[in-house]
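To start, the structure under review is shown below, and the notes come after it.
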Protein chains: 2
Amino acid sequence: MTVEVWADVVCPWCRLGHAYLEQALERFDHSDDVTVVWRSFELDPLAPRQREGTLTDHLVAKLGRDPQEIHELNGMIVARGCEVGVDFRFDEAQPGNTFDAHRLLHLAADRGLAAELVDRLYAGYFTEGRPIGDSSTLEDLATEVGLDGTEVRAVLQSDRYADRVRQDEAEARELQVSGVPFFVFDRRLAASGAQPADVLLAGLQQAWDSRAPAS
Amino acid sequence: MTVEVWADVVCPWCRLGHAYLEQALERFDHSDDVTVVWRSFELDPLAPRQREGTLTDHLVAKLGRDPQEIHELNGMIVARGCEVGVDFRFDEAQPGNTFDAHRLLHLAADRGLAAELVDRLYAGYFTEGRPIGDSSTLEDLATEVGLDGTEVRAVLQSDRYADRVRQDEAEARELQVSGVPFFVFDRRLAASGAQPADVLLAGLQQAWDSRAPAS
């Protein structure tokens, strides 16, 4: 059974949803029979490769309202992250375009390393302040999880996997995905948003119980 | 206390989240002290005013995959709608651009009729097959809930409230809203996605319990 997860690597709600899904899978009796499939979704396809300053700088400057409000809203995400062992450091995060990150995730999927690269990209962006749109950063993170450096560079220097990213995004639109994270269980049942582990576990169970008998 | 809801009138997950919020408010001890504020979010700002055919036609034609798969995914939303008394009829829905619907919602908010118009627009689009981007349809729906026809036409024929829509959307981006529906309780606590009533009720309760003492 598959669980498809449309998400973006700069989306804190996706990072939380990823953790909630892991919790749900730990509690699911048939998790060995579940394959999690990363599907691409760019929150901001027009983002520059790398933004000036940190995410917090960017939010404060662009929003033009009380920095304390932004801090408090981020604080809420930080608190949720803390509960699931995710260290969100928005003061250090360096946002940017995620198209190349998504292309590398498709390469990683072909090499059986998607789960590892998802984790590495999330940690790099949210915790370590690595610039998510920067090619050499992406190359470092991808090779750290075991991808071949030559192959990674070949992808980054071409448009390889661009069609896979765009195909995922086209499907998201057609499936009425209204935001990420977005979960589809067994291609039949969907859940929108960073739903708690209980809800995701119920989705897993319901999809499992109602799947077609093996032919 | 406020609950701000970023949403779009053509988003089935938003419609479900709206119902879940209503359920949560029915169970919340202080719901008389809660003001729900509609915030604008266009899922597809570049959508044409009115698409050819129904939503289902559009999805089948554009996706180019088994219509049964689309039907099943829609069926899941339909089933959830049924549980909360919402009759989703995607075979009849006539999608289109929602910018004018959002402008009218801001007019309705100024006249104390936002809740009524939200409900009317959702029903018109999801259940009655009314073309959501069509001016005369919007005028009909808005006057049905008690808005003044002359005022409604004046808004539709101008760019009044456009700045309010764009301001909501700018805030959504800055608040790291990764999709809709998106709930913010008391400007401090957030929930992403069509979260179940239990989760929204917990958000209401937590925001209430932790709000600043009255000065």
| request: Of all residues in the range B:172-198, count the ones that are within 7 Å of chain A (Cβ to nearest Cβ) and over 26 Å from B:Leu141 (Cβ atoms). | output: 12
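Within the range A:30-49, does at least one residue satisfy the condition of being surrounded by fewer than 21 Cβ atoms within 10 Å (Cβ to Cβ) and in contact with a helix residue (DSSP H, G or I) (Cβ under 6 Å, 6 or more places away or on another chain)?
Of the residues in the range A:30-49, the ones surrounded by fewer than 21 Cβ atoms within 10 Å (Cβ to Cβ) are A:30-37, A:44-49.
Now drop any that are not in contact with a helix residue (DSSP H, G or I) (Cβ under 6 Å, 6 or more places away or on another chain), which leaves A:30-31.
For the range A:30-49, residues surrounded by fewer than 21 Cβ atoms within 10 Å (Cβ to Cβ) and in contact with a helix residue (DSSP H, G or I) (Cβ under 6 Å, 6 or more places away or on another chain): present.
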| message | Return the residues of the range A:54-75 that are of a type outside the set (S, T, N, Q) and either in contact with a His (Cβ under 6 Å, 6 or more places away or on another chain) or modelled with pLDDT under 75 (or both); say none if nothing qualifies. | response | A:Lys62, A:Leu63, A:Gly64, A:Arg65, A:Asp66, A:Pro67, A:Glu69, A:Ile70, A:His71, A:Glu72, A:Leu73
| query | In this structure, does A:Asp91 turn out to be touching a residue at least 24 places away in the same chain (Cβ under 8 Å) and either surrounded by 19 or more Cβ atoms within 10 Å (Cβ to Cβ) or part of a helix (DSSP H, G or I) (or both)? | reply | no
| Which one of the conditions (1) more than 14 Å from the chain's Cα centre (by Cα); (2) at pLDDT 90 or above; (3) surrounded by 22 or more Cβ atoms within 10 Å (Cβ to Cβ) does B:Gly81 fail to meet, given that it meets all the rest? | (3)
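Taking the options B:Glu151, B:Glu128, name whichever one is farther than 23 Å from B:Gly53 by Cβ and open to solvent by 30 Å² or more (accessible area, probe 1.4 Å). Show your work before the answer.
Numbers: B:Glu128 fails: farther than 23 Å from B:Gly53 by Cβ.
Result of the check over B:Glu151, B:Glu128: B:Glu151.
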| With (1) of a type outside the set (Asp, Glu); (2) at pLDDT below 95; (3) open to solvent by less than 50 Å² (accessible area, probe 1.4 Å); (4) closer than 30 Å to A:Arg15 by Cβ as the list, and B:Thr98 as the residue in question, which single condition is left unmet? | (2)
| Going by the conditions given, is A:Ser210 of a type in the set (Ser, Thr, Tyr), more than 8 Å from chain B (Cβ to nearest Cβ), open to solvent by 10 Å² or more (accessible area, probe 1.4 Å) and more than 22 Å from A:Gly96 (Cβ to Cβ)? | yes
| Restricting attention to the range A:18-36, which residues are farther than 21 Å from B:Ser192 by Cα and assigned to a helix (DSSP H, G or I)? | A:Glu26, A:Arg27, A:Ser31, A:Asp32, A:Asp33
| said: Of the conditions (1) in contact with a Gly (Cβ under 8 Å, 6 or more places away or on another chain); (2) within 14 Å of chain B (Cβ to nearest Cβ); (3) of a type in the set (Lys, Arg), A:Arg130 satisfies every one except a single condition; which number is it? | reply: (2)
| said: What's the number of the only condition in (1) part of a loop (DSSP other than H, G, I, E, B); (2) modelled with pLDDT under 95; (3) closer than 30 Å to A:Arg187 by Cα that A:Val86 fails to meet? | reply: (2)
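From the list B:Glu144, B:Glu139, B:Glu151, B:Glu171, pick out the single residue that is farther than 19 Å from B:Ala47 by Cβ, charged (D, E, K, R) and under 17 Å from the mean Cα position of the chain (by Cα).
Details: B:Glu144 fails: under 17 Å from the mean Cα position of the chain (by Cα); B:Glu139 fails: under 17 Å from the mean Cα position of the chain (by Cα); B:Glu151 fails: under 17 Å from the mean Cα position of the chain (by Cα).
Selected residue: B:Glu171, the only one of B:Glu144, B:Glu139, B:Glu151, B:Glu171 that is farther than 19 Å from B:Ala47 by Cβ, charged (D, E, K, R) and under 17 Å from the mean Cα position of the chain (by Cα).
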| request: Please name all residue pairs, on different chains or six or more residues apart, with Cβ atoms under 6 Å, provided the first residue is in the range B:99-110 and is part of a helix (DSSP H, G or I) and the second residue is of a type in the set (S, T, N, Q) and open to solvent by less than 10 Å² (accessible area, probe 1.4 Å). | output: B:His102/B:Ser40
| query | Of the residues A:Ala114, A:Ala123, which single one is surrounded by 18 or more Cβ atoms within 10 Å (Cβ to Cβ) and at negative phi? | reply | A:Ala114
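Restricting to the range A:37-83, name every residue that is outside any loop (DSSP other than H, G, I, E, B) and either away from chain B (no Cβ under 13 Å) or of a type in the set (Asp, Glu) (or both). Spell out the reasoning first.
Filtering the range A:37-83 for residues outside any loop (DSSP other than H, G, I, E, B) gives A:37-40, A:55-63, A:67-83.
Within the range A:37-83, A:Val37, A:Trp38, A:Arg39, A:Ser40, A:Asp57, A:Glu69, A:Glu72, A:Cys82, A:Glu83 qualify.
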| said: Of the conditions (1) modelled with pLDDT under 95; (2) open to solvent by less than 10 Å² (accessible area, probe 1.4 Å), A:Val177 satisfies every one except a single condition; which number is it? | reply: (2)
| task | Determine which single condition A:Gln167 fails, assuming it passes every other condition in (1) within 12 Å of chain B (Cβ to nearest Cβ); (2) within 21 Å of B:Ser192 (Cβ to Cβ). | result | (2)
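The values are calculated or read from the model by the stated rules, or taken from the named source; none is laboratory data. Quantities reported herein were computed from a predicted structural model and do not represent experimental measurements. Ideal geometry is used to build each Cβ from the backbone, glycine not excepted, and the neighbour counts take in all protein chains shown. The accessibility values were calculated without ligands, DNA or RNA, using every heavy atom of the protein model including side chains. Shrake-Rupley method; radii C 1.70, N 1.55, O 1.52, S 1.80 Å.
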